[in-house]
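To start, the structure under review is shown below, and the notes come after it.
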Amino acid sequence: MSRNDYRILSERFGRKDGHKLSVYESEGGYKALRMVLSGMPPAEVREVVKDSALRGRGGAGFPTGVKWGFVPEGAEEVYFFVNADESEPGTFKDRYLLDYDPHQTIEGTIISCFAVQAKLAFIYIRGEFGWLVDRVQKAVDEAYAAGLLGKNILGSGYDLEMIVHKGAGAYICGEETGLINSVEGRKGQPSLKPPFPAVSGFLKKPTIVNNVESVASVPWIINNGAEAYKAFGTEKSTGTKLFSVSGPVKNPGVHEIPLGMPFREFFHDWLGGMVEGEELKAVIVGGSSVPVLPAAEAMNITLDYESTAQAGTMLGSGGMIVIPQSSDMVELIQVLMHFYFDESCGQCTPCREGTSWLHKIVKRLRGGKGTIEDLDLLEHVCNGMAGLTICPLADAAVMPMLSFLEKFRPEFEALIQETAPVGMNSRWPRGEQEK
Amino acid sequence: MSKTQDMKQEFKPSPETLSRVDKLVEAYPTRASALMPSIWAITDEMGYVPDTGVDFLVEKLGVTKARVYEVLSFYTMYRTEPQAEHVLQVCHNISCHIMGARNVIAQLEKKLGVRLGEATPDGKFAIEGAECLGACGHGPCLQLGKHLYEYLTPEKAEDLLDNLRKGVVPRADTDRELED
Ligand SMILES: Cc1cc2nc3c(=O)[nH]c(=O)nc-3n(C[C@H](O)[C@H](O)[C@H](O)COP(=O)(O)O)c2cc1C
Ligand code: SF4
Ligand code: FES
């Protein structure tokens, strides 16, 4: 197959007019919606998506059709949230979907809402994407004007309202219960599960939260069928996936590939390898919250849920961060620990205190005041955090921390013994520790 | 009293903001759920939310004052004090860091004579560190209001400052989206 055959989601990426309703419709857009509304029962839509084995693209990889099935049959008031909070460092794929092709996501959302009989959908876009909020709102307005949203959509009797909701700068609002609380007009702090949102979510009503990429995949699946979707990918990781790639590779950006592609092939043929003068040191495959893989280990994996798990990491959001030899791993983990410390919502003591300590200790190391015992202390703090909190943010901090320590321990030790090579910290001189 | 507090003004909603909030209350399923977008409405008009803005929200949305302040302080993009004219938010997260964000920050600090997190005494510029702005493959990057500047270098950052000083807001990489 050629590269173009993999374009389920990215057909209009990079095209100037791809965001317009007229262009989308002229290329087969809203055909799936018309098909669904002209007589497919909601249960059948759910069934097709379940059969496709589409797994949620927000990070956890939970099967989308199965999640939809948790909404109690006959529920009167159901809400649907499209999660476009996209704040996981390294991740910028949903932005491409909404920027270049908002109607694909809107169509996918309408079909998904119909499948669970929701009457109101929110697209929750992170506040930093102010420019994107306007663009998506424009597309939603276009859809309303064309009778694709609102009362009696396309004469089918199905009603759906859609609200574009702008976040205000909080990573934790990407967590589904945090997101729901945020739209209720509260702090975006996660709630304990169960109950799961599908049973009791927004305003205590059944609520589905799905990632942008998950819903954007739905129109293609409806148009082409579950079997066609499963022709891409592996048995348990079906379909294509967007990888947003950052770091000094020749072709950074968002790439769509069938799941199961060897990393080696992706790295050489799609990313073009490293830019001149840089060498590959390590890869974070699925956003900053998953364990890092040294280059040699990365070269052995295939890009799917199973192979990454076997290698001790996760596919996550597909936010792939390519780390060059010239990067100092202690410096990078300090950046990340600052992030998690900053973004902890503070409800759970292990997370609030733990992220604060991890950041403090790493900072101390880089400030030249660390000891070898600090490395054990880091592990000790991590062990007191993982799995003990309301939401997985604590684990999201622990996973990079422990993996950096495990895989790159000599760099930590060299720093403590002041034998780290000169120039290694050139991007952020030691001693400058304002963070 | 800090200088910015001296500059605080009363919130007297413009007719546009009033009707925007009324429409939000109409569209959102409960009045309280319209809180975040209503805060944005005030922010878009004033740049921040003064105490009188909070009173307005309490009355319009039927929520407590404590709830409004809680929400205002939870989200980093909401502000309760007047801001510098140009707030340069430079991403200092991992991908941008790898691509040289520190050099961009250093250049801005040098040219403005302030450190990250500070504003210039004339209230014209502030530099803030931002967590990942969703432009990781286009980094280093910097956000200025609704404009996102990507693929930055220290030189480009300096150019941006020069332009802003002349009153020109250069075209950002994402402005294409705002135009058509
Ligand atoms: C700290 C944290 C941040 C998250 N951020 C996002 C996010 O930005 N976007 C997203 O889609 N999911 C995010 N998630 C996952 C959501 O909780 C949820 O699983 C997802 O939106 C479900 O959609 P999916 O099943 O389609 O993947 C985050 C989870 C955690 C714990
Ligand atoms: S784990 Fe951290 S972010 Fe999650 S709810 Fe607890 S304190 Fe908040
Ligand atoms: S790390 Fe800078 S935009 Fe993501």
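The values are calculated or read from the model by the stated rules, or taken from the named source; none is laboratory data. Every value quoted in this text rests on a predicted model; they were computed, and no experiment measured them. Cβ sites come from the backbone with ideal geometry, for glycine too, and all protein chains shown count toward neighbours. The protein model used for the area step is the full one, side chains on, heavy atoms only, and it has no ligands, DNA or RNA in it. Shrake-Rupley method; radii C 1.70, N 1.55, O 1.52, S 1.80 Å.
Before I look further, what does segment B:86-175 give for accessible area per residue, probe 1.4 Å, in whole square angstrom?
37
Give the separation of the Cα centroids, segment A:31-45 to segment B:147-163, in Å.
Segment A:31-45 and segment B:147-163 have Cα centres separated by 48 Å.
Ignoring everything but the protein chains, give the 1.4 Å probe accessible area of A:R364 in square angstrom, nearest 10.
Accessible area of A:R364: about 90 Å².
Please compute the modelled spin-label separation between A:E306 and B:D44, points set 7 Å along Cα→Cβ, answer in nm with one decimal.
Label-label distance for B:D44 and A:E306, simple model: 4.9 nm.
I'd like the distance between the alpha-carbon centres of segment A:203-230 and segment A:70-89, rounded to an integer number of Å.
Cα centroid of segment A:203-230 versus Cα centroid of segment A:70-89: 11 Å apart.
Go through segment A:323-340 residue by residue and turn each phi into a ³J(HN,Hα) via Karplus (6.51, -1.76, 1.60, θ = phi - 60°); whole Hz please, and just put x for glycine and proline.
Going residue by residue, I get 9, x, 3, 6, 7, 9, 5, 5, 4, 5, 6, 5, 4, 5, 5, 4, 4, 5 Hz, with x marking Gly and Pro.
If the reach is capped at under 14 angstrom between alpha carbons, list the aspartates and glutamates near A:K31, excluding any in the same chain fewer than eight residues apart.
A:E107
So in chain B, which Cys have no other cysteine's beta-carbon sitting under 4.7 angstrom from theirs?
Cysteines of chain B left without a disulfide-compatible partner: B:C132, B:C136, B:C141.
Other chains near A:120-131: what is the mean number of their Cβ atoms within 10 Å of each residue's Cβ?
Counting Cβ atoms of other protein chains within 10 Å of each residue's Cβ and averaging gives 5.
Hey, if we sort B:R171, A:R46, B:R165 by accessible area with the 1.4 Å probe, largest down, what's the order?
From most exposed to least exposed: B:R171, B:R165, A:R46.
I want the antiparallel fraction of DSSP beta bridges within chain B, as a percent rounded to 5.
Here the share of antiparallel DSSP bridges comes out near 50 percent.
Could I have the simple spin-label model distance between A:E235 and B:N163, label points 7 Å from Cα toward Cβ, reported in nm to one decimal?
5.5
Round to a whole number: what % of the accessible area of the protein assembly as shown belongs to carbon and sulfur, probe 1.4 Å?
Exposed carbon and sulfur together represent 52 percent of the surface.
For n ≥ 4 DSSP H runs only, could you compute -39500 (n - 2.57) per run for chain A, divide by its residues and tell me the 222 nm figure to the nearest 500?
Theoretical 222 nm ellipticity from helices: -11500 deg cm²/dmol.
Compute the Rg to Rh ratio over chain B from the alpha carbon atoms, using the Kirkwood formula for Rh, and round to two decimal places.
Ratio of gyration radius to Kirkwood radius: 1.01.
For A:D134, A:D374, what's the largest-to-smallest order of accessible area, 1.4 Å probe?
The ranking, largest first, comes out as A:D134, A:D374.
Between A:F62 and A:Q417, what is the label-to-label distance in nm when each label sits 7 Å out along the Cα-to-Cβ direction?
With each label point 7 Å from Cα toward Cβ, the separation is 4.7 nm.
Taking a probe of 1.4 angstrom, what is the accessible area of B:M46 in Å², to the nearest 10?
Accessible surface of B:M46 is approximately 40 Å².
Connecting C-alpha atoms closer than 10 Å in a GNM of chain A, tell me which of A:A121, A:A84, A:A60 has the biggest fluctuation.
A:A60
Let me know the mean shielding of A:243-252 by other chains, meaning the per-residue number of their Cβ atoms within 10 Å of its Cβ.
Mean partner shielding for this stretch: 4.
Can you sort A:D99, B:D51 by 1.4 Å-probe accessible area, starting with the largest?
From most exposed to least exposed: B:D51, A:D99.
Pick from A:I284, A:I361, A:I163 the residue whose mean-square fluctuation is largest in a GNM of chain A, springs joining Cα atoms under 10 Å.
A:I163
Could you work out the equivalent-ellipsoid semi-axes for chain A, taking the square root of 5 times each eigenvalue of the Cα gyration tensor, largest first, in whole Å?
They are 39, 24, 18 Å, listed from largest to smallest.
Counting other Cβ atoms within 10 Å, keep those with at most 15, restrict to DSSP loop, and tell me which GluC sites (Glu not before Pro) in segment B:71-166 are left.
Qualifying residues, ordered by number: B:E85, B:E118.
Indicate, rounded to the nearest 5 percent, the antiparallel portion of the DSSP beta bridges found entirely in chain A.
Percentage antiparallel, nearest 5: 45.
Give the average, rounded to an integer, of partner chain Cβ atoms located within 10 angstrom of each Cβ in B:27-36.
6
Determine which lysines satisfy two conditions relative to B:K65: a Cα distance under 17 Å, and not lying fewer than 8 residues away in the same chain.
By straight Cα distance, B:K65 reaches A:K187.
With a probe of 1.4 Å, find how much accessible area segment B:3-74 has per residue, and write the answer as a whole number in Å².
On a per-residue basis, 50 Å².
Using protein heavy atoms only (no ligands, DNA or RNA), what is the total accessible area buried between A and B, 1.4 Å probe, nearest 100 Å²?
Chain pair A/B: roughly 4700 Å² of buried accessible area.
Between the alpha-carbon centers of segment A:351-375 and segment A:97-136, tell me the distance in whole angstrom.
Cα centres, segment A:351-375 to segment A:97-136: 40 Å.
At 1.4 Å probe radius, can you tell me the per residue accessible area of segment A:32-151 in Å²?
29
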